[in-house]
Amino acid sequence: MTGCESSSLVKRDIPAEIETLTKYFQDAIEKVKSHELISQAQGYLEEGKTQITPLTDKIQEHAEKIQEQMKSFVSDIEKQVRPMADNLQAQFMPLVDKMQAQFKPLADDLQAQMEQLFQTVVDQTKALLPPQ
């Protein structure tokens, strides 16, 4: 190998080494950027959490106030409706009692007829059986 040939081999190897070094630095830069992006994303999340926490506390506070107001509202409505419901029940109970009084004899009569019919079927079935 002459000096000229070894010089040309060095010239061919230098671009390959430069390419290898360039790729190495590009990979390193990508890793740093990736790490920076992760850190930046975590920072944004923490900042968002810091900003949202007071809002969620306020929302919770308002929700509790609304719940208390609704309790008194429902209580007021119940106070207004209770006398009407009691009055309605007082008016319907005599009607229900009257209907029950009218239907009870009919139900008792139907039951007696059904028992009589059942007894008749039993007696006729026994009559059809051969004597023992």
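The values are calculated or read from the model by the stated rules, or taken from the named source; none is laboratory data. Everything quoted here is computed from the prediction, not taken from an experiment. Positions of Cβ are generated from backbone atoms using ideal geometry, with glycine treated the same way; all protein chains shown enter the neighbour counts. All accessible areas refer to the heavy atoms of the entire protein, side chains included, with ligands and DNA or RNA removed. Shrake-Rupley method; radii C 1.70, N 1.55, O 1.52, S 1.80 Å.
As a calculated quantity, the FRET efficiency between Leu106 and Gln80 at R0 = 30 Å, using C-beta atoms, amounts to about 0.15. Per the 1.4 Å probe, what fraction of the accessible area of segment 9-132, in percent, lies on carbon and sulfur atoms? About 63 percent, which is the carbon plus sulfur part of the accessible surface. Using 0.36 nm per residue and subtracting the Cα-Cα separation, the extra length available between Tyr24 and Leu55 on full extension is 6.5 nm. For Lys49, the lysines whose Cα falls under 30 Å of its own Cα, not counting residues fewer than eight places away in the same chain, are Lys31, Lys33, Lys58, Lys65. Only helical runs count toward this figure. For the chain, summing -39,500 (n - 2.57) over DSSP H runs of n ≥ 4 and dividing by all residues gives -37000 deg cm²/dmol at 222 nm.
Taking Ala85, Ala28, Ala63 as the candidate residues, the one with maximal mean-square fluctuation in a Gaussian network model of the chain, Cα springs under 10 Å, is Ala28.
Ordering Thr50, Leu110, Leu37 by the projection of their Cα atoms onto the charge dipole of the chain, which places +1 on the Cβ of Lys and Arg and -1 on the Cβ of Asp and Glu, puts Leu110 at the extreme positive end. Accessible surface computed residue by residue for the chain, with neighbouring protein chains in place and a 1.4 Å probe, gives 95 Å² per residue. Working from label points 7 Å from Cα in the Cα-to-Cβ sense, the Gln67 to Val96 distance is 3.5 nm.
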